[in-house]
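These notes concern the structure reproduced below.
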Amino acid sequence: MRLLLIEDDDRIAGPLAEGLGRYGYTVDHVRTGAAGLADTAAAPDLVLLDLGLPDMDGLDVCRSLRARSAVPIIMITARGEEADRIVGLELGADDYLAKPFGVRELIARIRAVNRRAGAPAYLPSGTPEKSDTHPPANGAQQLGPLVLNRRTREVRLDGREVALTPREFDLLAYLAEDPGTVYSRQQIMDSVWDPHFFGPTKTLDAHVAALRRKLSDAGWVTTARGVGFRLTVPGVHADEAAG
């Protein structure tokens with residue numbers, strides 16, 4: 001996955017690009033808004049955009065990018081005030097991350113943005129490889145009688161719509177990235193919630209229980225005791241469900 005990093009401070013950009021590279025991402029780094037706008041002609045998969053650029057405000061860069069492209073944009077900036085976040089998101093940014101932050105948190109947000117956009121999941125290096133069962137580019141994925149559409153955030157089971165909360169949908173979409181694969185509780189919390197989530201430890205169990213209830217069969221989300229959870233199609237072998 002190719003990321004475009006628009007950041008003028010080499011003390012931040014260097015370690016950040018190195019850290020992302022260790023997780024398997026290719027990072028192209030530019031130091032000005034003008035260079036970033038020119039570089040997006042090469043169609044990066046995602047843009048990491050600082051707001052405090054030397055030649056123009058990052059908000060203007062975001063506005064220009066969004067006017068001509070649907071490329072996902074994550075703003076990374078020292079401006080952490082609520083008003084700044086609201087302006088950035090209203091201009092078309094997909095997420096907003098205030099400095100300082102950790103690489104693992106950024107990766108979790110990159111993956112979350114990709115899930116919302118219906119893009120394939122890109123795993124950090126060191127994560128077991130998945131089979132070629134990534135959800136299709138149009139966002140629609142069928143698992144037996146279950147159809148999950150990442151673009152419209154709709155779920156249908158046997159043709160009827162299943163009403164999920166945003167977090168329930170994100171949980172289902174995450175598990176559906178590779179049906180049959182067991183995801184640890186920590187992996188799920190880091191990706192669907194946040195690496196720095198400080199809520200009750202039972203919140204995941206509550207959401208799993210809600211998914212099972214709404215899908216009318218506990219077999220959709222099965223427990224790997226002592227490890228985590230996986231998504232399966234009830235009555236279907238995991239390999240068949242994935243393919």
Volume per residue, Å³, of the convex hull around the alpha-carbon atoms of region 17-64? 77
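Looking at region 1-113, what % of the alpha carbon pairs are farther apart than 19 Å?
Values: 2300 of 6328 pairs.
Distances greater than 19 Å cover 36 percent of the Cα pairs.
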In whole Hz and in residue order, list the ³J(HN,Hα) couplings for region 16-29 that follow from phi through the Karplus curve 6.51 cos²θ - 1.76 cosθ + 1.60, θ = phi - 60°; x for Gly and Pro. 5, 5, 5, x, 5, x, 5, 9, x, 8, 9, 10, 9, 10
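Once the piece of chain linking A140 and A209 is laid out straight, how much longer is it, given 0.36 nm per residue of separation minus the C-alpha distance between them?
Details: separation 69, 0.36 × 69 = 24.84 nm, distance 2.40 nm.
Extra length from A140 to A209 when fully extended: 22.4 nm.
Where a number appears in this text, it was derived from the coordinates with a stated rule and is not lab data. In this text, all values refer to a predicted model and were calculated from it rather than measured experimentally.
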